[in-house]
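What follows is a short report on a single structure.
The values are calculated or read from the model by the stated rules, or taken from the named source; none is laboratory data. Only a predicted model underlies this, so the values are computations on that prediction, with no experimental measurement involved. In this analysis, Cβ positions are derived from the backbone assuming ideal geometry, glycine residues included, and neighbour counts consider all displayed protein chains.
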Amino acid sequence: MKHLLFYTCSILALHLSLYSQKLEKGINYHIAVVAFWNLENLYDTINDPYKIDEEFLPNGLNLWNTSRYLKKLDHLAEVIKQLGEEYTADGPAVIGMCEVENINVLKDLAKQEKIAKKNYQPILIEGPDARGVDPALMYNPNYFQPIKYVSYPVLLVTEPEHKTRNILVVYGKLLGEPFTFLINHWPSRRGGEEKSRPNRIAAAKIARHIADSITKKDPNIKIMIMGDFNDDPINESIKKHIHTYNDIKRTKEDEFFNPMENLHKKGFGTLAYQDQWNLFDQILLNQPLLPKNYSTLEYLNVKIFNKPFVRNDFGNFKGYPFRTIVGGNYQGGYSDHFSVYIVLAKQVKK
């Protein structure tokens, strides 16, 4: 891993969130950034007869042509390049994503000039979603080496005939340590939060069952459950059915630490609707990732990427995420969600 960067505490003792951890002075650390981002409809311009993608064709509602597609890729690459740059010039080691049409658009994204040198590799399994968008993952092979990946279906309780996104599970090694990522895009709030709630609870139960099955085989394996949950950190699906808590000083072996919960309580969000902020995009960590003595890969910090250039700077939606398309009207922005990222640290062995 010749491209890994090593930093001392004097550089990394930054308080970018409510739960930023301090590193021991005078010691070098491997730094790995893990991100998640809802890319807002990353479609190509080619008609897929097996998907409802007609809106994203040159003659479709969104007039989705090559120029707009390439601009979208360039915008996404600009954000990816900057994610966690205050910690490492290498950018994210792993990026979970959702609303991705196919693996080819990820290959196009990885080739963008701004990030091409990172040599990102894509993982995506086509699922049953009618619109043809799926969870995905891109990784820097200098940091992460996948071993296998599978997907698990989520069945809607309220609309069993409607197909929704699978949960992507990627097993591998991050900085040499066994690691599993669960990439989620849970059912939407279509029809209202309360009416659609059982669908997200069903997704949460599946995600938790997957995580429990993994830890049953190896209690020390590190797990991140990440995604666009279409629920906030305090909602039932996450608090009760994933079993999360927000006080890092009270590590709980059978629950997941949610560093986003206190950010949500302070009013921070990743998307907005009718002047109401939500923090649907989250990364949850199991107990083996929490700080002890930094002799292994452990949590350091969390941040929402909401720099000015990814925010709308005018009109009724000033401050909202700068979107690509709104109601068929091309805006030329980035996404309707801000991205989020976790910083991990591992002490360099002498």
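Look at Ile183 and say whether it is closer than 22 Å to Ile103 by Cα and surrounded by 22 or more Cβ atoms within 10 Å (Cβ to Cβ). Walk me through how you get there before you give the answer.
Numbers: closer than 22 Å to Ile103 by Cα: yes; surrounded by 22 or more Cβ atoms within 10 Å (Cβ to Cβ): yes.
Answer is yes for this residue.
Sort out which residues of region 242-283 are farther than 24 Å from Ser335 by Cβ and either part of a loop (DSSP other than H, G, I, E, B) or touching a Ser or Thr at 6+ places or on another chain (Cβ under 6 Å) (or both), and write them in order of number.
Asn246, Asp247, Ile248, Lys249, Arg250, Thr251, Lys252, Glu253, Asp254, Glu255, Phe256
In this structure, does Tyr171 turn out to be among the hydroxyl-bearing types (Ser, Thr, Tyr) and crowded, with 24+ Cβ neighbours inside 10 Å? I'd like the intermediate steps shown before the answer.
On the way: among the hydroxyl-bearing types (Ser, Thr, Tyr): yes; crowded, with 24+ Cβ neighbours inside 10 Å: no.
Judged against the criteria, Tyr171 is not a match.
Just for region 63-102: of the residues that are surrounded by 23 or more Cβ atoms within 10 Å (Cβ to Cβ) and aromatic (Phe, Trp, Tyr), which one is farthest from Lys117 (Cα to Cα)?
If we take residues in region 63-102 being surrounded by 23 or more Cβ atoms within 10 Å (Cβ to Cβ) and aromatic (Phe, Trp, Tyr), then Trp64 is farthest from Lys117 (Cα to Cα).
Kindly indicate which of Lys107, Lys117 is in a helix (DSSP H, G or I) and either under 17 Å from Val340 (Cα atoms) or free of Cβ contacts under 8 Å to residues at least 12 places away in the same chain (or both). Break it down into steps so the answer makes sense when it comes.
On the way: Lys107 fails: either under 17 Å from Val340 (Cα atoms) or free of Cβ contacts under 8 Å to residues at least 12 places away in the same chain (or both).
Answer to the check: Lys117.
I'm told Gly26 meets every condition in (1) on the phi < 0 side of the Ramachandran plot; (2) surrounded by fewer than 24 Cβ atoms within 10 Å (Cβ to Cβ); (3) of a type in the set (Gly, Ala, Ser) except one. Can you identify the failing condition by its number?
(1) is the only condition that Gly26 fails.
Which one of these does Ser213 not meet: (1) surrounded by fewer than 24 Cβ atoms within 10 Å (Cβ to Cβ); (2) touching a strand residue (DSSP E or B) at 6+ places or on another chain (Cβ under 9 Å); (3) of a type in the set (Ser, Thr, Tyr)?
(2)
Out of (1) touching a residue at least 40 places away in the same chain (Cβ under 8 Å); (2) under 29 Å from Ile225 (Cβ atoms); (3) in contact with a helix residue (DSSP H, G or I) (Cβ under 9 Å, 6 or more places away or on another chain), the odd one out for Tyr320 is which?
Only one criterion is unmet by Tyr320, namely (3).
Limited to region 51-88, what total is found for residues that are over 24 Å from the mean Cα position of the chain (by Cα) and either in a helix (DSSP H, G or I) or among the hydroxyl-bearing types (Ser, Thr, Tyr) (or both)?
So the count comes out to 4.
Out of Lys239, Lys349, I need the residue that is in a loop (DSSP other than H, G, I, E, B) and either of a type outside the set (S, T, N, Q) or at pLDDT below 95 (or both). Which one? Outline the logic, then answer.
Working: Lys239 fails: in a loop (DSSP other than H, G, I, E, B).
After applying the criteria, what remains is Lys349.
With the requirement that a residue be more than 23 Å from Gly269 (Cα to Cα) and modelled with pLDDT of 95 or more, what does region 219-233 give you?
First, the residues of region 219-233 that are more than 23 Å from Gly269 (Cα to Cα): 219-223.
Answer for region 219-233, where residues must be more than 23 Å from Gly269 (Cα to Cα) and modelled with pLDDT of 95 or more: Ile221, Lys222, Ile223.
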